[in-house]
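One structure below.
The values are calculated or read from the model by the stated rules, or taken from the named source; none is laboratory data. If you're wondering where the values come from, they're calculated on a predicted model, not measured in any experiment. Cβ sites come from the backbone with ideal geometry, for glycine too, and all protein chains shown count toward neighbours.
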Amino acid sequence: MALNLSQKQEVVAELAEVAAKAHSLIAAEYVGTTVSQMTAMRKKARETGVYLRVVKNTLAARAVEGTEYACSKDALVGPLLYAFSTEEPGAAGRLIKEFAKTNDKLQPKVVVVEGQLYPASHVDVLASLPTLDQALSMLARVLSEPAAMFARAVKAVGDQQGGGEDAPTEAAAAETAETA
């Protein structure tokens, strides 16, 4: 069913709003994908913070004008599915990569991150980015490591100097042996 002008304007406005806030974009060919596969992909997209939409390329090109995704306008050719990562940069990459494993009809064509247009092969790179939880745990580990090293160094110095709980008793025993 064809869209009238006001419906097209709504689609462009919605896409522009998503594009303004998104972290990354993947455009993929989807011709031959079954309805059940698309339904499963849409469900997974909602769960993982990915805005997934099939829209005419001319409308998508208008929507990305003035955003960091404007660099993709010339590459938007053919029937495409647009996946915008709204919560974390790698989410769309993981979604497309996961569904492309079981559906050879789903072929990434465009990858855009931070205003840079990359070839389709960069979906793997984008998909390998850590999730927010993984990144936070890596940061916590990096931040806690110096404190753990400091604690080990203090303990080692204490052990070298004869520190520890038995040290005063040993010193007193050595003093007593000298005076005797």
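On the basis of being in contact with a strand residue (DSSP E or B) (Cβ under 7 Å, 6 or more places away or on another chain), in the same structural domain as GLN116 (by TED's automatic domain parsing) and of a type in the set (Asp, Glu), does GLU98 make the cut?
Numbers: in contact with a strand residue (DSSP E or B) (Cβ under 7 Å, 6 or more places away or on another chain): no; in the same structural domain as GLN116 (by TED's automatic domain parsing): yes; of a type in the set (Asp, Glu): yes.
Answer is no for this residue.
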Subject >> Identity of the residue in region 72-131, at pLDDT 90 or above and touching a His at 6+ places or on another chain (Cβ under 6 Å), that ends up farthest from VAL50 (Cα to Cα) >> reply: VAL111
**OP:** Any chance you could count how many residues in region 18-46 are among the small types (Gly, Ala, Ser), buried (at least 16 other Cβ atoms within 10 Å of the Cβ) and farther than 18 Å from LYS56 by Cα?
**Re:** 3
Subject >> Residue that is surrounded by 13 or more Cβ atoms within 10 Å (Cβ to Cβ), of a type outside the set (S, T, N, Q) and either not assigned by TED's automatic domain parsing to the domain that holds VAL11 or not in a helix (DSSP H, G or I) (or both), where the choices are ARG53, ARG62 >> reply: ARG53
**OP:** Those residues that are under 14 Å from THR33 (Cβ atoms) and aliphatic (A, V, I, L, M), I need them from region 56-110; list them, please.
**Re:** LEU80, LEU81, ALA83, LEU95, ILE96, ALA100, LEU106
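Please list, ordered by residue number, the strands (runs of 3 or more DSSP E) wholly in region 73-129 having 1 or more residues that are farther than 25 Å from VAL11 by Cα. If you could, list the steps in order and put the result at the bottom.
Details: elements: 80-85, 107-113, 116-118.
So the answer is 116-118.
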Original post:
Any residue at all in region 78-93 that is over 27 Å from LEU132 (Cβ atoms) and either surrounded by fewer than 17 Cβ atoms within 10 Å (Cβ to Cβ) or charged (D, E, K, R) (or both)?
Top reply: yes
**OP:** List every residue pair whose Cβ atoms lie under 8 Å apart, where the two residues are 6 or more positions apart in sequence or sit on different chains, the first residue falls within region 123-143 and is in contact (Cβ under 8 Å) with a residue 40 or more places away in the chain, and the second residue, located anywhere, is assigned to a helix (DSSP H, G or I) and surrounded by fewer than 12 Cβ atoms within 10 Å (Cβ to Cβ).
**Re:** PRO130/MET138
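THR33 - would you say it is assigned to a loop (DSSP other than H, G, I, E, B), under 18 Å from VAL123 (Cβ atoms) and touching a residue at least 12 places away in the same chain (Cβ under 8 Å)?
Values: assigned to a loop (DSSP other than H, G, I, E, B): yes; under 18 Å from VAL123 (Cβ atoms): yes; touching a residue at least 12 places away in the same chain (Cβ under 8 Å): yes.
When the stated conditions are applied, THR33 passes them.
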